[in-house]
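Below is one structure, written out as structure tokens, with a few remarks after it.
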Amino acid sequence: MIDFGFTPLVASITDLDKANVNLAKQLTEQEPSFALCISCGSCSATCTAGQFTKFSFRVMCHQIRKGNAKEAIAEASKCMLCGKCTLACPRNVNTRNIISLVRKAQTTTP
Amino acid sequence: MTKTVAIIGGGVAGLETAKQLNSLGYSVKLFEKTNTLGGHVAKWDRLFPNKRHASEVVSSLTLSQGNTQTITETTVHSIKRENQGFVISANSSNHEADAVVLATGFELFPAEKKEEYGYGLFENVITSADLEQMFKKHGKPVMASGHKPVRIAFIHCVGSRDEKVNRPYCSKVCCVTAVKQAIEVKEALPNSEVFCFYMDLRMFGPGYEDLYKEAQSKGVTFIRGRLSESSEIEGGRVLIKAEDTLASTPLKMSVDIVVLMVGMSPLRGTNKLATDLGLSINADGFIAATDLHTNPTGTATNGVFVVGACTGPNNITDTINAAKATVLDVHNYLSR
Amino acid sequence: MKLEGKRKIWNEYQKDIADDKYFYVRSCIRQAVFPGSENTYLRIMRDVLKKDVHESAHHTTCTGIGYHTEVVPFETIQTVVARNFALMREAGYENYTPSCVTSFGIYTEILDTWHHFPEEKKRTAEYLKKATQRDFQEPGNMAHTSDIIYKFRHQIAEKAKYKLVNRITGLPLKVVDHIGCHYAKMFPEKGIGGAEHPHVLAGLIEAFGGEVIDYPERRHCCGFGFRQYFIKANRGYSIAASKKKFESMEPYQPDLILTNCPGCNYFMDRWQYALAEMEGKTYDTQGNGIPVLAYEELAGLMLGFDPWEMGLQMHQVGIETLMDKIGIPYNLSEKYKGAKGEDLGVPESPRNIKFYK
């Protein structure tokens, strides 16, 4: 291959035709309330870890739904399991269970 | 002597007004330009929030008309004041009335105006009204080729909240209709993947938020982002592009059918009838209310009343309520 | 695709194109990269269609490249444009036909500016007078040369020796049309068919019996934004735009890409070579790449002009496969010979894309 001194830029577009949403499907099966999130941000607003790190439960779930599971799973380790998000969620999403399911997935997902 | 009321428009608003005025003892003439009563609702399959059949609502209205004289296939071209009443010119005959109620309703936004969405260009881009027809005829959505669709995308706010097509207002009912239709698709085709592309979700009425939750539990995916364009790919399928605003990244996917949630637009013929009678038109092109809070169904013109979607986008529940209010106004006017 | 829907849109965007007596201005890039294409246009217009096309040796570049890279200020380009218009009137013509789509965009933009801001026109007239002693008048009609070929497409097709049909299968060849952004995206009403569904090249393909391929990225820019491409640091962005188009058209396996803009012709052709050498991939199944032609080059081929006389040997993606499909005879030994038959040497073959010599 020739090096012309530049390479084509890679797009950052989310392609839902190619995204791997297996983890999202798995989470919905194991914790049906995962489907009820309305992205209101109450969880990340009240998050203890979120005050000091860039961790956001809402963003993590969103990444999983888009197929960016790897980065999202790495983020889950920042959660302190305090449970404030579960208290705050207006849709009664069991956020704490989702964190523990994601952590379990970390050990099984390559 | 019995007073006569002329109602222009045989949709839900006109039918409810007619029924109530008739039961109060007035002589009611209901003018309808098509050959069927029930307006847009008659073309619908099932209604939000409880998915009951639209035909039930229409029958309940048409079967309770009593002595109302329904004059179908008749277009009213002008209404003029004469002495203390009005003369309605319709087709080639004239009718007299002591009071007039405009219940002319709305028209659906012509989706081909959003050229980039491909309605009228791509066979598998349809409107919410087209989808209701599919449910009525086949009980499920079908691709133009007859194939079973797997992925269906609903696009909210087509012809609403859009300055570019001169429709800056919200059409009120499309969000809940999209959610209802998304659930119906999932129920008819359990293996389908259904997506709703929204800007905001307006679930204001009784049972609407529960409908949203039901849709999510049934696996409908909601993506916050407005459709930018559709293109056609192999098999007549459609490639759509939007931004996933909650993730701040662009998004694209291919789907089998795109359903455009078209808004409610002012009916073109109404404007002339209304202005001839001295009624004002509001900034959105609908007939203006006298007072939004204390007199939403009244007009400044004696003897002329307005009801239903000709005053702005509305759902059936609130239209029925408005009709009942209008009936009281008509009754008070005619008993003065 | 519902054709009635498309036709409705085409009918909304029609434009007035002059019949004859054209003042022709050339393109900088075409002269350098595809030198035969403009001469082919003149051959078609003068020899085949018997039209009066006049060129002035005094005309200059429109300086569009300089303007778009912010090297040439707006006042300067307006004056340069006014000078070209002055030359047109001095030669006794009023129908202006630029060969380059960027030029077309410049002229439309400046004419529109003068319409809305007459003071700009007045000032330009003063500058022109001071600099060259010339006065100018706006053209009576301004159309791109692809509009002209579009206008006469049926006449050209009647005289054509070949059709855009595969001679073995009898099926129409699949052709992708790619139109320069400055043609219709800036002023949709100045392009035949508007911005989204332009007909200027589709009409030509249909006239020659080909099949127009619609694909999702059909209206995507090829990436030849001067500021993007000229600076090496931005070139990755530029080539990514063309790559996006190639990936989108690949499933349709087109036989030809037809362009009307010099930059697009250049990019669609060259970038296939660059991507093949960088990434090892060609966008057809034979390792040849998808041949790219400008509208005059296609018209010339259909009329039976010799491909090497038209300069088609300068194309990076070999057009031999296309000529084979149509049944156009050509002599490979003549490809790299000069006008007097002298041997010009043969270019080096690329590694990942086929080359015929």
Within region B:60-69, identify whether any single residue is over 29 Å from B:Gly139 (Cα atoms) and touching a His at 6+ places or on another chain (Cβ under 9 Å), and answer yes or no.
no
Quick one: is C:Phe246 at pLDDT 95 or above, in a helix (DSSP H, G or I) and more than 14 Å from chain B (Cβ to nearest Cβ)?
yes
Can you go through A:Cys85, A:Cys61, A:Cys79, A:Cys89 and tell me which one is within 24 Å of B:Phe195 (Cβ to Cβ) and more than 10 Å from the chain's Cα centre (by Cα)?
A:Cys89
Quick check, is A:Phe34 at pLDDT 95 or above, more than 30 Å from C:Ser238 (Cα to Cα) and crowded, with 18+ Cβ neighbours inside 10 Å?
yes
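Quick grid of which residues meet (1) at the interface with chain A (Cβ under 10 Å from one of its Cβ atoms); (2) modelled with pLDDT of 95 or more; (3) in a helix (DSSP H, G or I):
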site: C:His220; (1), (2), (3): no, no, no
site: C:Gly223; (1), (2), (3): yes, no, no
site: C:Arg235; (1), (2), (3): yes, no, yes
site: C:Gly263; (1), (2), (3): no, no, yes
site: C:Phe267; (1), (2), (3): no, no, yes
Any hit, region B:124-137, residues being touching a residue at least 60 places away in the same chain (Cβ under 8 Å) and more than 21 Å from the chain's Cα centre (by Cα):
yes
Since C:Thr79 meets every condition but one in (1) at pLDDT 95 or above; (2) of a type outside the set (A, V, I, L, M, F, W, C); (3) under 27 Å from C:Leu201 (Cα atoms), which condition does it not meet?
(3)
Considering each of A:Phe57, A:Phe4 in turn, give the residue that is within 14 Å of another protein chain (Cβ to nearest Cβ) and either within 28 Å of B:Glu209 (Cα to Cα) or surrounded by 14 or more Cβ atoms within 10 Å (Cβ to Cβ) (or both).
A:Phe57
Name the strands (runs of 3 or more DSSP E) wholly inside region B:236-278 in which the number of residues that are surrounded by fewer than 24 Cβ atoms within 10 Å (Cβ to Cβ) and in contact with a Ser or Thr (Cβ under 8 Å, 6 or more places away or on another chain) is 1 or more.
B:238-244, B:249-255
Here is a list: C:Ala276, C:Ala299, C:Ala241. Which entry is small (Gly, Ala, Ser), part of a helix (DSSP H, G or I), free of Cβ contacts under 8 Å to residues at least 24 places away in the same chain and not assigned by TED's automatic domain parsing to the domain that holds C:Phe104?
C:Ala241
Apart from one, (1) surrounded by 13 or more Cβ atoms within 10 Å (Cβ to Cβ); (2) of a type outside the set (D, E, K, R); (3) at pLDDT below 95; (4) more than 28 Å from B:Gly298 (Cβ to Cβ) all hold for B:Ser93; the odd one out is (1)
Looking only at region C:337-357, which residues are under 29 Å from C:Gln286 (Cβ atoms), of a type in the set (A, V, I, L, M) and away from chain A (no Cβ under 14 Å)?
C:Leu344, C:Val346
Does B:Gln133 satisfy the criteria of being out of contact with any His (no Cβ under 7 Å at 6 or more places or on another chain) and assigned by TED's automatic domain parsing to the domain that holds B:Val327?
no
Meets criteria (of a type in the set (Asp, Glu) and in a loop (DSSP other than H, G, I, E, B)) for B:Glu73:
yes
Helices (runs of 4 or more DSSP H) contained entirely in region C:20-104, each with at least 3 residues that are under 16 Å from the mean Cα position of the chain (by Cα)
C:28-33, C:35-42
Residue among A:Ala74, A:Ala24 that is more than 11 Å from chain B (Cβ to nearest Cβ) and either among the acidic types (Asp, Glu) or not in a loop (DSSP other than H, G, I, E, B) (or both):
A:Ala74
Among the residues of region B:279-329, which ones are assigned to a helix (DSSP H, G or I), in contact (Cβ under 8 Å) with a residue 40 or more places away in the chain and aliphatic (A, V, I, L, M)?
B:Ala309, B:Ile316, B:Ile320, B:Ala322, B:Ala323, B:Val327
Residue check for B:Asn332: within 24 Å of B:Gln84 (Cβ to Cβ) and not in a loop (DSSP other than H, G, I, E, B)
yes
Being in contact (Cβ under 8 Å) with a residue 40 or more places away in the chain, in contact with a Gly (Cβ under 7 Å, 6 or more places away or on another chain), among the β-branched types (Val, Ile, Thr) and more than 14 Å from chain C (Cβ to nearest Cβ) is true for just one of B:Val262, B:Val220. Which residue is that?
B:Val262
Before we move on, is C:Tyr150 out of contact with any strand residue (DSSP E or B) (no Cβ under 8 Å at 6 or more places or on another chain), assigned to a helix (DSSP H, G or I) and outside the structural domain of C:Thr61 (by TED's automatic domain parsing)?
yes
Does region B:88-107 contain any residue that is in a helix (DSSP H, G or I) and either outside the structural domain of B:Arg202 (by TED's automatic domain parsing) or at positive phi (or both)?
no
Return yes or no: is C:Ala241 crowded, with 20+ Cβ neighbours inside 10 Å, within 14 Å of chain A (Cβ to nearest Cβ) and touching a helix residue (DSSP H, G or I) at 6+ places or on another chain (Cβ under 7 Å)?
no
Working carefully through the options C:Gly209, C:Gly193, find the one that is closer than 22 Å to C:Leu164 by Cβ, in a loop (DSSP other than H, G, I, E, B) and within 14 Å of chain B (Cβ to nearest Cβ).
C:Gly193
Residue identified as in a helix (DSSP H, G or I), modelled with pLDDT under 95 and either more than 24 Å from C:Lys325 (Cβ to Cβ) or within 14 Å of chain B (Cβ to nearest Cβ) (or both) among C:Tyr215, C:Tyr183
C:Tyr183
Looking only at residues in region C:269-299 that are hydrophobic (A, V, I, L, M, F, W, C) and more than 12 Å from every other protein chain (Cβ to nearest Cβ), which one is farthest from A:Thr7 (Cα to Cα)?
C:Ala299
What are the pairs, 6+ residues apart or on separate chains, where a residue within region A:82-108 that is under 14 Å from A:Glu31 (Cβ atoms) has its Cβ under 6 Å from a residue that is surrounded by fewer than 15 Cβ atoms within 10 Å (Cβ to Cβ)?
A:Arg96/A:Gly83; A:Leu101/A:Gln30
For A:Arg65, only one of the following conditions fails: (1) surrounded by fewer than 19 Cβ atoms within 10 Å (Cβ to Cβ); (2) within 14 Å of chain B (Cβ to nearest Cβ); (3) among the basic types (Lys, Arg); (4) assigned to a helix (DSSP H, G or I). What is its number?
(1)
So, in region B:278-318, how many residues would count as being in contact with an Asp or Glu (Cβ under 7 Å, 6 or more places away or on another chain) and polar (S, T, N, Q)?
1
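The values are calculated or read from the model by the stated rules, or taken from the named source; none is laboratory data. These figures come from a predicted structure and were not determined experimentally. Quick reminder, even Gly has a Cβ in these numbers, built from the backbone with ideal geometry, and neighbours come from all protein chains shown.
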